Amino acid sequence: MSSFLKTRTGLIAALIVIGALWGITVPLMKIAVSTGYQQFGLIFWELVIVIIYVGIISRFQGRFPKLTRDRVIVFIVITFLGTLIASTSGFIAIRHIPAGIHALTISLVPMFALPIAILIKLERFEWRRAMGIVLGLCAILVLIGPRASLPDPSKVGFVLLACIAPLCYGLEDNFVAKFTLCGLNAVQALLGASIVGLIFLTPITIATGQWISLVKPWGAPEFALVCMGILHGFAYTGYVWLIGRAGPVFSAQVAYLVTGFGVMWSILILGETYSIWVWLAFILMMAGLFLVQPRGAEHA
């Protein structure tokens, strides 16, 4: 099996599996909020599951690096951008919009990340990639514009709210690229950030009355919550492994798969159906994502 994963076919298979697992977390989010669970309680348990899962992996990697001021800053930035703000907006938004439309907004990550990178001089302006950003913007306009695109046109604001998450991920990516992880690997950074997030979020969860007790008979939302945390941790660590094996350009193409599988799983699991406008937005988003990718991605 390990020899197969070293081949190009094996790496492509791994990319597909990671995208499929990450994509299934989108309808699971929808199920998790279906009975009224609020965002802070959901994020709390997601952090707990990720800490357990990633903590085990980190333990096998060896001793955790010494804490420094710079590393604590890395944890704080990652937990706020990558978890607290992004997940809060995501859970609130998906309560009001179809899961498949939420999956489409995930593709905006590189489209937000690119102009930020240009502003802080990590990337140079290219017309081809700029056109990708324009197509991404057009996709969002298609979603929020025609009355037929959303089941309830009054929910337009929640599509824009869902766009906060990819904006946060774009900011996070550029922060890491600009300032590095201060000697931490990605698993250690995720573990540290999750612990910081849990420390910060626990009193807020209790104070707002959003605590979720799992000591009771489980239904679909509880199983969805636990599966979501496990799959997120597995997909993220698999993504980190893939970057080490195949490089960041090849691995970045998982964005196509997360969105595509997110839409597909939402249809299969939730029975969602979409208007022609949503499918047009999907095509525009995929085309924009293709153009925004670095040139090397086309030949990976």
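The values are calculated or read from the model by the stated rules, or taken from the named source; none is laboratory data. Please read all numbers here as calculations on a predicted model, not as lab measurements. Positions of Cβ are generated from backbone atoms using ideal geometry, with glycine treated the same way; all protein chains shown enter the neighbour counts.
Among helices (runs of 4 or more DSSP H) entirely within segment 15-132, having at least 3 residues that are closer than 26 Å to LEU201 by Cα singles out 39-61, 69-78, 86-94, 99-106. The selection criterion, being surrounded by 15 or more Cβ atoms within 10 Å (Cβ to Cβ), at pLDDT below 90 and within 22 Å of VAL226 (Cα to Cα), does not hold for GLY41. Determine whether GLU126 is of a type in the set (Asp, Glu), surrounded by 17 or more Cβ atoms within 10 Å (Cβ to Cβ) and either out of contact with any strand residue (DSSP E or B) (no Cβ under 7 Å at 6 or more places or on another chain) or farther than 30 Å from PRO65 by Cα (or both). Spelling it out, it is not the case that GLU126 is of a type in the set (Asp, Glu), surrounded by 17 or more Cβ atoms within 10 Å (Cβ to Cβ) and either out of contact with any strand residue (DSSP E or B) (no Cβ under 7 Å at 6 or more places or on another chain) or farther than 30 Å from PRO65 by Cα (or both). If only residues of segment 1-38 that are at pLDDT 85 or above and of a type in the set (Ser, Thr, Tyr) are counted, the one that is farthest from MET228 (Cα to Cα) is THR35. Would you confirm whether or not segment 146-166 contains a residue that is within 25 Å of GLY55 (Cβ to Cβ), of a type outside the set (Val, Ile, Thr) and part of a helix (DSSP H, G or I)? Checked against the condition, which is being within 25 Å of GLY55 (Cβ to Cβ), of a type outside the set (Val, Ile, Thr) and part of a helix (DSSP H, G or I), segment 146-166 yields at least one hit. Pairs are defined by a Cβ separation below 6 Å, a sequence spacing of at least 6 or placement on different chains, a first member in segment 149-165 that is farther than 17 Å from GLN39 by Cβ, and a second member that is among the basic types (Lys, Arg); the pairs so defined are PRO153/ARG147.
Of the set (1) surrounded by fewer than 21 Cβ atoms within 10 Å (Cβ to Cβ); (2) out of contact with any Phe, Trp or Tyr (no Cβ under 8 Å at 6 or more places or on another chain); (3) polar (S, T, N, Q), all apply to THR88 but (2).
Of all residues in segment 33-56, which are within 18 Å of ALA165 (Cα to Cα) and aliphatic (A, V, I, L, M)? Across segment 33-56, the qualifying residues are VAL33, LEU42, ILE43, LEU47.
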